[in-house]
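Here the structure is laid out as structure tokens; the discussion comes afterwards.
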Amino acid sequence: QVKFVESGGGLVQPGGSLRLSCTASGIIFTGYAMAWYRQAPGKQRELVAHIFSSDIANYKDSVKGRFTISRDNAKNTVYLQMNILSPEDTAVYYCNRRPYDDRYWGQGTQVTVSS
């Protein structure tokens with residue numbers, strides 16, 4: 001059974017940082033590009049960043065230079081380092097394959113940026 005478990009969210013002030021983690025099970029991790037998605041209140045889920053097994057990464061324009069996605073294939077884990085956070089980054093963050101599979105959404109981790 002495929003499962004993605006996200007962690008690391010929280011409440012942070014504008015300009016602060018957080019590091020999200022997502023551990024995968026039930027898949028051959030190195031066989032997939034992995035991605036972070038987010039869903040803000042009242043908005044559709046959107047792609048934030050994705051990374052291939054080769055470590056080539058791509059980012060949504062609004063997070064370029066602030067967020068860094070990485071993966072540890074030995075631990076079946078993908079990370080999202082988020083710096084210089086702004087209130088517009090407030091959302092529930094999810095990881096999934098890229099392209100995503102609707103069967104495998106986890107519970108996500110809440111990120112709230114507020115003073």
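Data for the structure
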quantity: Residue list for region 71-99, filter: of a type in the set (S, T, Y) and either free of Cβ contacts under 8 Å to residues at least 12 places away in the same chain or open to solvent by 20 Å² or more (accessible area, probe 1.4 Å) (or both); calculated: Y79, S86, T90, Y94
quantity: Test result for D102, surrounded by 17 or more Cβ atoms within 10 Å (Cβ to Cβ) and acidic (D, E); calculated: no
quantity: Answer residue from region 30-57, given it is out of contact with any Lys or Arg (no Cβ under 8 Å at 6 or more places or on another chain) and open to solvent by less than 50 Å² (accessible area, probe 1.4 Å) and is nearest to E88 (Cα to Cα) among those; calculated: A40
quantity: All positions within region 1-16 that are open to solvent by 60 Å² or more (accessible area, probe 1.4 Å), assigned to a loop (DSSP other than H, G, I, E, B) and modelled with pLDDT of 95 or more; calculated: Q13, P14
quantity: Residues that are in contact (Cβ under 8 Å) with a residue 12 or more places away in the chain and either open to solvent by less than 30 Å² (accessible area, probe 1.4 Å) or acidic (D, E) (or both), drawn from region 58-70; calculated: V63, F67, I69
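The values are calculated or read from the model by the stated rules, or taken from the named source; none is laboratory data. All of these numbers come straight from a predicted model, not from anything done at the bench. Methodologically, a virtual Cβ is constructed for each residue, glycine included, from the backbone with ideal geometry; neighbour enumeration extends over all protein chains shown. SASA here: full protein model, heavy atoms, side chains in, ligands and nucleic acids out. Shrake-Rupley method; radii C 1.70, N 1.55, O 1.52, S 1.80 Å.
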